[in-house]
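A short worksheet on the structure shown next.
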Amino acid sequence: MSASTPSPGTTGRRADRGAFAGRVAFIFAAIGSAVGLGNIWRFPAVAYENGGGAFILPYLVALLTAGIPLLFLDYAIGHRWRGSAPAAWRRFTRWTEFIGWWQVLIATIIAVYYALIIAWATNYTVFSVDQRWGDDPAGFFGEYTQALGGPDVVISFDIVPAVMISMVLVWLAVIAVMCLGVHGGIGRSAIVFIPLLIAMFLILVVRALFLPGAVDGLDAFFRPNWAALLDPGVWVAAYGQIFFSLSVAFGIMLTYASYLKKKTDLTGSGLVVGLANSSFEILCGIGVFSALGFMAQAQGVPIGEVVTDGVGLAFIAFPAIITEAPAGAVIGVLFFGSLVLAGFTSLISIVEVVIAAIQDKFGLARIPATLGVCLPLAIVSVALFSTTMGLPLLDVLDKWVNEYGIVAAALVSTIVVTYIVRGLPTLRDHLNHQGTFPVGRIWMIALAVIAPIVLGISLISSTLTLLTAEGTYEDYPGWFVLVFGWLMAIALVVIAIGLSLLPWPAGSNLHKADSEGDEIAPEALAGQGLGGDVATPHELRSTPAR
């Protein structure tokens, strides 16, 4: 059978999934997914707390030995089996479909709370103009969110109007982009937003560098503590940062790669995305610590007393900086505008994981699939997170979906691919067919040894920290942490297994030819590569194994 001829039963039945028009759109979309809120508000503090300038060494080692190898793994599975996470994993090997649904459910949880942070950033972009928080940013944030805290947390549906309106606008924007399709919506928006984000943040960094005290901030950020390199926790932190910031192992890069043309340089594209993401993180460290250096000097305190991350950095520390800084309104608009753009491009990629899965499962066209996914997500998101319990609910879900969702899914997927299915040789040859950066034994060792060890240590360390801590996480009620933390994480796995056991409807995309009418690759060959001197990946797919 010719590799370009659909297999029996698929003639005239091709999946209408959409595709990126070219590699450039894919690279911008992938960078847009990787460059998110964590780059801006997580990396600087993690680097500072783990050796400063010395942290760059384990960070780069983690990028090269785990981040980029896992990125290549996602690309290979998505591009070779031409489907959403559940479809691609099922085609990889039938019983591994549950991993794909696990990734879809992780993306669903993240999507519903991620919109809240973007809504806050949107409002704070406006607040920056007149510095509405006054002299008490912490008090203003509490008043603005009306968030319950600590042991006072209860199930509450008391709506906060200002937050609700912004969340509705965020979801309307998401729906509009997603309805335009893979290239028309995701690709084109990334081509516009990512250069705009970089330009805005560069202007912010340049402005921050000229603030009084900026040099002290940069010194604190880059001053190397070489002794920290002997601390295993520093290396675990470096790998953790890479896992969380590259958008690997929860379906995004796999899904995006499935929209690429067959003759695409996967490894070259992966290197561009990985290095671009890390470059932006270092740029964020320069900008954030220049501003924190100014804040420390203005308050007359050591810089260590003003270093924070996450919500505290974005919505409390930075407003304080904006209040004190010359031309603070400009800094505020640039900073919060950057958060909006970084968060929005990431949210688009997260939602696409869910849309692609539903589209493949039921064989839907783009707009019905988008509305069928986004409208329920938007309703749940607004109903739960525009309330006074929105912040604590976000906090717990984010903690557990990261620690026991993304990390655990990455660990399971690497073990399954490497040791159970033994599919690495198949994926290696697929990557090398068009890749300008050849992968081989080092790539396979990174996935078979380094990634599982580090992911396993991270999972065990997080579990011990949570179980041995005095009191509950952030002093939230025990039942709240149990339901929205532990039980949520367990439920994702159970539901994923259940979904993988459900039959695919006759009209699904599973048994159709791909969007170009070509047959889908057969299952991975256990422990074997692919042979043949062929012109396209599809011919490679039908060539007998060595």
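The values are calculated or read from the model by the stated rules, or taken from the named source; none is laboratory data. Computed from a predicted model, the values in this text were never measured in an experiment. Cβ: placed from backbone, ideal geometry, glycine included. Neighbour counts: every protein chain shown. All accessible areas refer to the heavy atoms of the entire protein, side chains included, with ligands and DNA or RNA removed. Shrake-Rupley method; radii C 1.70, N 1.55, O 1.52, S 1.80 Å.
Things worth noting here:
- In units of the compact-protein estimate 2.2 N^0.38 Å, segment 173-240 shows a Cα radius of gyration of 1.79.
- The Cα-based radius of gyration and maximum Cα-Cα distance (Dmax) for segment 459-503 are 13.8, 46 Å.
- Of the whole protein surface, residue 94 contributes about 90 Å² of accessible area at a 1.4 Å probe radius.
- Distance histogram in 20 Å bins (all Cα pairs of the chain, percent per bin): 22, 57, 20, 1
- Estimated inter-spin distance, residue 132 and residue 459, nm [label 7 Å along Cα→Cβ]: 4.4
- The candidates 183, 511, arranged from most to least accessible area with a 1.4 Å probe in the full protein assembly, appear as 511, 183.
- The rule of thumb for compact globular proteins, 2.2 N^0.38 Å, goes into the C-alpha radius of gyration of segment 390-429 1.70 times.
- The coefficient of translational diffusion for segment 317-473, derived via Stokes-Einstein from the alpha carbon Kirkwood radius under 25 °C and 0.890 mPa s, stands at 122 µm²/s.
- Those lysines that a straight Cα-Cα span of less than 24 Å connects to residue 263, excepting residues fewer than 8 apart in one chain: 512
- The alpha carbon centroids of segment 384-426 and segment 474-490 are separated by 16 Å.
- Rolling a 1.4 Å probe over the protein chains gives residue 436 an accessible area of about 100 Å².
- Using a probe of 1.4 Å, the accessible surface attributed to residue 389 totals some 0 Å² when neighbouring protein chains are kept in position.
- Order of exposure, largest accessible area first, which applies to 133, 235 with probe 1.4 Å: 235, 133
- Surface composition of the chain: carbon and sulfur make up 68 percent of the accessible area, probe 1.4 Å.
- Label-point separation in nm, residue 179 to residue 383, each point 7 Å along Cα→Cβ: 2.2
- Hull-based mean projected area of segment 300-392, where the convex hull spans the alpha carbons, in square nanometres: 8.6
- Using the Cβ-Cβ distance between residue 511 and residue 479 with R0 = 60 Å, the FRET efficiency computed as 1/(1 + (r/R0)^6) comes to roughly 0.85.
- Net length gained if the chain between residue 362 and residue 501 were fully extended (0.36 nm per residue, minus Cα distance): 48.5 nm
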